[in-house]
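The values are calculated or read from the model by the stated rules, or taken from the named source; none is laboratory data. From a predicted model like this one, the values you see are computed outputs, not experimental measurements. Heads up, the Cβs are rebuilt from the backbone with ideal geometry, glycines too, and the neighbour counts pull from every protein chain shown.
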Amino acid sequence: MKYTAIANELFVTNRRRLSVLLKPRSVVVLNANDIMPTNADGTMGFRQSSDLFYLSGVDQEETMLVLFPDHPDERFREVLFLRETSEMIEIWEGHKLTKEEAEQTSGISKKSIFWTHEFERVFIQMVFEAEHIYLNTNEHTRNSSEVETRDVRMIRQFREKYPLHQYQRLAPLMHHLRAIKQPVEVDLLKEAVRITEDGFRRLLKFVKPGVWEYEIEAELLHEFVRQRSQGFAYTPIIASGANACVLHYVENNRQCRDGDIILLDVAAEYGNYNADLTRSIPVNGRFSDRQKAVYQAVLHVMKEAKKLLVPGNVWDDYHKEVGKIMESQLIGLGLLDKNDVAKQDPDNPLYRKYFMHGTSHFLGLDVHDVGNKYRKFEPGMVFTCEPGIYIREEGLGIRLENNILITETGNIDLMDSIPLEIEEIEELMNS
Ligand code: GLY
Ligand code: MN
Ligand code: MN
C-alpha cells in the first residue's frame, strides 16, 4: 500500500466502540475481501473489506479478525489471523505482514495473532464459550451484487457447524459506528480531498478545446498516484457536452469541444478513505450566458442545501427541502412552469426530470458509505452535497459536489478551498 502507516489508536478505539454494542458472551468474526478473478489467471486489484480495515487496519488478503470482548482468557479477546508467507510468496508477490508488523498495525498483541490456516484449531477453543455469533453481510441498500463474499460463505459453514448458537447481524452495528467519523478518519478524508484538489487545479491549466476526456483522466491519475493515493476513489466520470447528461458515464473517450461544459466527477482515495468531488468547467475557459445561468442555479442549490446539513435534521426532510429549492431554480431557468408545478403529483415532482438523483450520501471508507437514513444528522457524519441540473435537450449537464463534515455548531465544508465560483474558475483557466 502506498499510504503512510496509520497510528493504531484508531483501530484500538474502534474495537472498543464496537465491544460496548455487543450482547454479553458474543464472538464476532470478520473476513477480508476476496481478490476477484477476471479471466485466465488475471485478478482485480485488492480492496480490503471496509469493516475489517476499520477494526484492524490490516490491508492484506486472507485476513480474519475475531473479537470476543468478555472471553475469560485474555488471549482470545482480540484474535487476528494472517496469511502465512513462504519463500515462494516472497519471490512472486513480495512481502506479507509478519506478526510483529501486524501487532504494530492493529494494536492486537502478537500472542493473539495466528496464521489463517490455523483458524479452525483456534476458533474451536473460543466458540463454545459464546452464546452469540455476529457475522457480517453487505446490508447496503444499493448493493445488488450476485457475487458471494467470504463472509457469506462463512455464514453457510457456521450455520452447519454451530447450529445452536444465536446468530446476530454485525452490519447494523458497523453502520452505526462508521457513520460517525473519528478525528483521525477526518484527517484521512482531508488528505484525500487535498490530493483531489491538486488534481483539479492541475486540470484547470490542462483543459482546452481538442483535449480528449481520457487525457484528462490520465493527467489526474498521475497527480493522485504521485501523492501516495492508490488512485481514483471510484471510476472517474469525465463527461463533456451531452455526455454530462449520462449520470454514470465512464467511457471517457470523447474529444472536448470549444463551447462544451465538461462535468468532472473525479476524486482520489487515500488510506482507503475517499473524497468525492464534482466540478463542471467550460472547455474553452469561459462560460456562456446560458451555462452561467444553469451553473449559478446549481451553485445556489448547493449553498442552500449545505445550510441544512446540520445536527438534528433528517434525511427525508432534507431531501424534500432541497427538492423545493431546486424546483424554484428550474422555474427561474424556464425549464419548469409555475402552474404545472402547482398541480404536480407530490410523490413524483416535476423537478426530477432535470435532477434525478439524491443530493447527498454518507462518505468515508466507502464512497457511498454506510449509515442509517432514519438517524438524525450528528456531529462527525460526513456527507456529500451534490445537486445537478441535466438538460438533455440542450446537451448540457452541470453538477457540483463537495464533502461536508457535520459539527456541533453546523458543518465544515472539507472542499471549501477547491475553486467553485465562476470567476475563480475562469481566472485560473485563463491565467
Ligand atoms: N461519484 C459518485 C457519486 O457522486 O455519488
Ligand atoms: Mn461524485
Ligand atoms: Mn457523490
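Here is how the numbers come out for the structure above:
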quantity	calculated
Positions within region 393-409 being farther than 30 Å from residue 353 by Cα and over 22 Å from the mean Cα position of the chain (by Cα), in sequence order	408, 409
Any hit, region 1-18, residues being surrounded by 23 or more Cβ atoms within 10 Å (Cβ to Cβ) and among the β-branched types (Val, Ile, Thr)	no
Near pairs, Cβ below 6 angstrom, 6+ apart or cross-chain, from region 299-313 (under 11 Å from residue 404 (Cα atoms)) to any residue that is modelled with pLDDT of 95 or more and surrounded by fewer than 16 Cβ atoms within 10 Å (Cβ to Cβ)	310/410
Residue that is surrounded by the fewest Cβ atoms within 10 Å (Cβ to Cβ), among those in region 234-253 that are more than 16 Å from ligand 3 (Cβ to nearest atom) and under 18 Å from residue 281 (Cα atoms)	253
Tally of residues being assigned to a loop (DSSP other than H, G, I, E, B) and farther than 18 Å from residue 44 by Cβ across region 202-236	7
Residue in region 346-392 that is nearest to the chain's Cα centre (by Cα), counting only those that are more than 16 Å from ligand 1 (Cβ to nearest atom) and aromatic (Phe, Trp, Tyr)	377
Single match in 100, 84 (criterion: in a loop (DSSP other than H, G, I, E, B) and surrounded by fewer than 15 Cβ atoms within 10 Å (Cβ to Cβ))	84
Single unsatisfied condition, residue 382 versus (1) closer than 17 Å to residue 265 by Cα; (2) within 15 Å of ligand 2 (Cβ to nearest atom)	(1)
Residues of region 262-284 satisfying the condition of being under 26 Å from residue 335 (Cβ atoms) and away from ligand 2 (no atom under 16 Å from the Cβ)	282, 283, 284
Residue tally, condition away from ligand 3 (no atom under 16 Å from the Cβ), of a type in the set (Phe, Trp, Tyr) and either buried (at least 22 other Cβ atoms within 10 Å of the Cβ) or not in a loop (DSSP other than H, G, I, E, B) (or both), over region 346-376	2
Selection within region 72-123 - of a type in the set (Gly, Ala, Ser) and free of Cβ contacts under 8 Å to residues at least 12 places away in the same chain	86, 94
Residue match in region 208-217 (condition: surrounded by 18 or more Cβ atoms within 10 Å (Cβ to Cβ), away from ligand 3 (no atom under 16 Å from the Cβ) and within 21 Å of the chain's Cα centre (by Cα))	yes
